[in-house]
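This report refers to the structure that appears directly beneath it.
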Amino acid sequence: PAKINAATGNPASFAVIMSAIIAAVNEHGDLLRMAIASPGNDFRLGACEAPPAIVSTYLGDDMTFYLSHFKDGKGEGEYIPQTKMLDLGTHEVLPFEVPAEDRNRTSPFPYGGARFEFRAVGSSQNPSMVNTVLNTIVAEKFAEFADKCDAGADIHDLAREALNENWRVIFNGNNYDPEMQEELTNRGIWRIDSGVEAIARLTDPKSIALFQKMKVLTKEECESRQQILHDHYTGTVEIEAKCLVDMIQQHIIPSVKSAGVGPLSDL
């Protein structure tokens with residue numbers, strides 16, 4: 001925040017940037033979900049230290065308080081991140097200062113330590129589609145702000161309007177809690193549990209219009225990528241299923257028969 005404010009000479013510039021990112025996540029959460037769709041992630045999301053398939057963003061108490069005051073017109077001052085002292089309780093390592101913002105490992109898109117983390121991406125995934133989506137949706141919001149400013153709108157008013165319209169996507173609670181997941185779903189936040197259905201969002205008219213507007217992908221390129229992603233998804237599931245069948249036939253059934261235990265008649 002300090003570097004952005006220093007470069008622009010505007011203490012509210014950080015709030016403007018944050019409002020654009022929040023609006024992008026809320027509007028295009030379906031594309032973010034599409035970008036992380038894979039068979040493995042369909043099992044992982046919502047467990048194993050992975051956030052659920054509900055695309056919200058965590059800002060933390062300090063950032064939420066700051067942006068809340070900004071959107072309500074109560075202040076446009078500089079955002080100064082709070083810090084805290086971390087004491088490991090050892091003589092070898094003295095207490096040291098760290099950001100007070102928590103990363104919140106239950107959130108798919110948390111802010112912490114002067115950066116956002118997209119924590120829902122699978123460890124074996126190629127991040128190219130993820131980066132393409134992130135850069136495109138944020139660039140679109142920046143372009144919208146710039147066009148409206150050129151037409152005479154006030155940038156602060158645009159940022160406040162974006163925050164008020166997209167505030168629902170901000171959630172600082174426990175994303176693992178079933179009651180909280182139901183609340184987020186009722187808010188209308190993007191939730192696509194099926195990876196197959198998430199991939200299909202790539203050719204939704206809204207998505208095609210976005211990529212064409214930003215000159216990133218054509219309609220045909222969106223369609224071809226969706227086909228490839230679906231082929232990869234079904235191919236992976238088929239390989240895993242055939243591997244399971246082979247393990248049962250080659251190892252489990254012979255072992256059960258040899259030991260003379262188990263439901264042999266069912267095998």
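The values are calculated or read from the model by the stated rules, or taken from the named source; none is laboratory data. This is a predicted model, so every value here is computed, not measured. Quick reminder, even Gly has a Cβ in these numbers, built from the backbone with ideal geometry, and neighbours come from all protein chains shown. These accessible areas exclude ligands, DNA and RNA; they are computed on the full protein's heavy atoms, side chains included. Shrake-Rupley method; radii C 1.70, N 1.55, O 1.52, S 1.80 Å.
Counting DSSP beta bridges with both partners in the chain, what percentage is antiparallel, nearest 5?
Numbers: 6 of 9 bridges.
DSSP beta bridges in the chain are roughly 65 percent antiparallel.
Arranged from highest to lowest average of other beta-carbon atoms within 10 Å per residue, in what order do the peptides 89-101, 126-138 appear? Can you show the working numbers first?
Numbers: 89-101: 10.5, 126-138: 16.7.
Highest to lowest by the protection proxy: 126-138, 89-101.
Around ALA143, under 15 Å between beta carbons, what's the net of Lys plus Arg minus Asp minus Glu among the other residues?
Details: positive: LYS141, LYS148, LYS213, LYS215; negative: GLU27, GLU140, GLU144, ASP147, ASP150.
Charge balance near ALA143 sits at -1.
In whole Å, what three semi-axes, largest first, describe the equivalent ellipsoid of region 35-102 built from its Cα gyration tensor (square root of 5 times each eigenvalue)?
Value: 30, 26, 7 Å, ordered largest first.
Put a dot 7 Å past each Cα toward the Cβ at ALA7 and SER265; how far apart are the dots in nm?
A separation of 7.4 nm, rounded to one decimal place.
Report ³J(HN,Hα) in whole Hz for each residue of region 131-136, in order, from the Karplus equation J = 6.51 cos²θ - 1.76 cosθ + 1.60 where θ = phi - 60°; Gly and Pro get x.
Values per residue, Gly and Pro as x: 5, 4, 5, 4, 5, 5 Hz.
Within the accessible area of the chain, what % is carbon and sulfur when the probe is 1.4 Å and the other protein chains stay in place? Let's see the in-between values first.
Values: 7960 of 14410 Å².
Percent of accessible area from carbon and sulfur atoms in the chain: 55.
Between GLU144 and ASP61, what is 0.36 nm times their sequence separation minus the Cα-Cα distance? Round to one decimal in nm.
Values: separation 83, 0.36 × 83 = 29.88 nm, distance 2.81 nm.
Result: 27.1 nm gained on full extension.
Rounded if a/c is under 1.5, else prolate if a/b is larger than b/c, else oblate: which is the chain, with a ≥ b ≥ c the root eigenvalues of its Cα gyration tensor?
Numbers: a/c = 2.69, a/b = 1.57, b/c = 1.72.
Oblate, since a/c reaches 1.5 and b/c is not below a/b.
How many nm separate the modelled label positions at ASN186 and VAL245, each set 7 Å beyond the Cα in the direction of the Cβ?
4.5
Please report the net charge: other residues with Cβ closer than 14 Å to the Cβ of LEU67, K and R +1, D and E -1. Could the numbers behind the result be given before it?
Values: positive: LYS71, LYS74, ARG160, ARG168; negative: ASP61, ASP62, ASP72, GLU76, GLU78, GLU101, GLU161, GLU165.
Local net charge: -4.
Compute the helix-to-body angle for 60-71: its Cα long axis versus the longest principal axis of the chain, expressed 0 to 90° and rounded to tens.
Long axis of 60-71 versus the principal axis of the chain: about 50 degrees.
Heavy-atom accessible area per residue, region 124-267, 1.4 Å probe: how many Å²? Write out the running numbers ahead of the final one.
On the way: 8810 Å² over 144 residues.
Ligands and nucleic acids excluded, the result is 61 Å² per residue.
Evaluate the distance, in nm, between pseudo-label points positioned 7 Å from the Cα of GLU238 and of GLU165 along their respective Cα→Cβ axes.
4.4
Helix-only estimate, please: 222 nm mean residue ellipticity of the chain, summing -39500 (n - 2.57) across DSSP H runs of length 4 or more and dividing by its residues, to the nearest 500. If you can, show how the numbers build up before the last one.
Values: 12 runs with 143 residues, N = 267.
One gets -16500 deg cm²/dmol as the mean residue ellipticity at 222 nm.
So if we plug the beta-carbon distance of HIS230 and GLN82 into 1/(1 + (r/R0)^6) with R0 = 35 Å, what FRET efficiency do we get, rounded to 0.05?
On the way: r = 45 Å, r/R0 = 1.30.
Result of the calculation: an efficiency of 0.15.
Return one whole number: the accessible area per residue of region 1-68 in Å², for a 1.4 Å probe. Kindly include the intermediate steps, with their values, before the conclusion.
Numbers: 2160 Å² over 68 residues.
With the other protein chains kept in place, region 1-68 gives 32 Å² per residue.
Starting from region 55-87, pick out the trypsin sites (Lys or Arg not before Pro) whose DSSP state is loop and whose Cβ has at most 12 other Cβ atoms within 10 Å. Write down the numbers at each step before the final one.
On the way: sites: LYS71, LYS74, LYS84; in loops: LYS74.
Those that pass, being in a loop and sparsely packed, are LYS74.
May I ask for the angle, rounded to the nearest 10°, between helix 13-27 and the longest principal axis of the chain, with both axes built from Cα atoms and the value confined to 0 to 90°?
30
Between 0 and 90 degrees, rounded to the nearest ten: what's the tilt of helix 155-166 against the longest Cα principal axis of the chain?
30
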